[in-house]
Amino acid sequence: MSDHTAAPAPTALAEVISSVTDVPAGQLTGDTRFDALGHWNSFAALRLLTAVEEHFGIKLDLRTYLGTETVDGLAGLIGAATDGRRR
């Protein structure tokens with residue numbers, strides 16, 4: 001994480017991440033890097049992808065998702081997918 005004080009992660013997303021990683025939602029910020037979470041591996045990444053898609057009712061591109069490094073990056077993907085679904 002960076003040296004500046006990061007904003008808390010969006011609540012719904014933080015809860016989904018927490019349910020997969022066992023990291024308390026309150027400890028997640030937008031700057032939180034997935035590779036810095038304990039026990040982060042490809043299996044955890046796929047579990048999170050499934051949880052996010054189910055919770056938010058969206059489908060994310062696997063390559064784009066796997067290239068996402070932070071909670072804010074994932075929030076942006078979710079936002080874009082949600083906006084695209086509304087059109």
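The values are calculated or read from the model by the stated rules, or taken from the named source; none is laboratory data. Being a predicted model, the structure only gives us computed values, none of them experimental. As a convention, Cβ positions derive from the backbone with ideal geometry for all residues, glycine included, and neighbour counts pool all protein chains shown. Calculation scope for accessible area: heavy atoms of the full protein, side chains included, ligands and nucleic acids excluded. Shrake-Rupley method; radii C 1.70, N 1.55, O 1.52, S 1.80 Å.
Near THR29, the amide H atoms lying under 5 Å from its own belong to ALA9; only residues 5 or more places off or on other chains count, and H is placed 1.01 Å from N. Candidates HIS39, GLY73, HIS55 compared by Cα position along the dipole of the chain: farthest toward the positive end lies HIS55, with charges placed on Cβ. Average accessible surface for the chain: 62 Å² per residue, computed with a 1.4 Å probe over protein heavy atoms with every protein chain in place. Comparing mean-square fluctuations of GLY73, GLY57, GLY30 from a GNM of the chain with C-alpha springs under 10 Å, the top value falls on GLY57. If you roll a 1.4 Å probe over the chain with all protein chains in place, what percent of the accessible area is carbon or sulfur? The C+S portion of the solvent-accessible surface of the chain is 52 percent.
Springs join every pair of Cα atoms under 10 Å in this Gaussian network model of the chain, and among PHE43, PHE56, PHE34 the largest mean-square fluctuation is at PHE43.
A simple spin-label model places pseudo-atoms 7 Å from Cα toward Cβ; at ASP83 and ASN41 they are separated by 3.7 nm.
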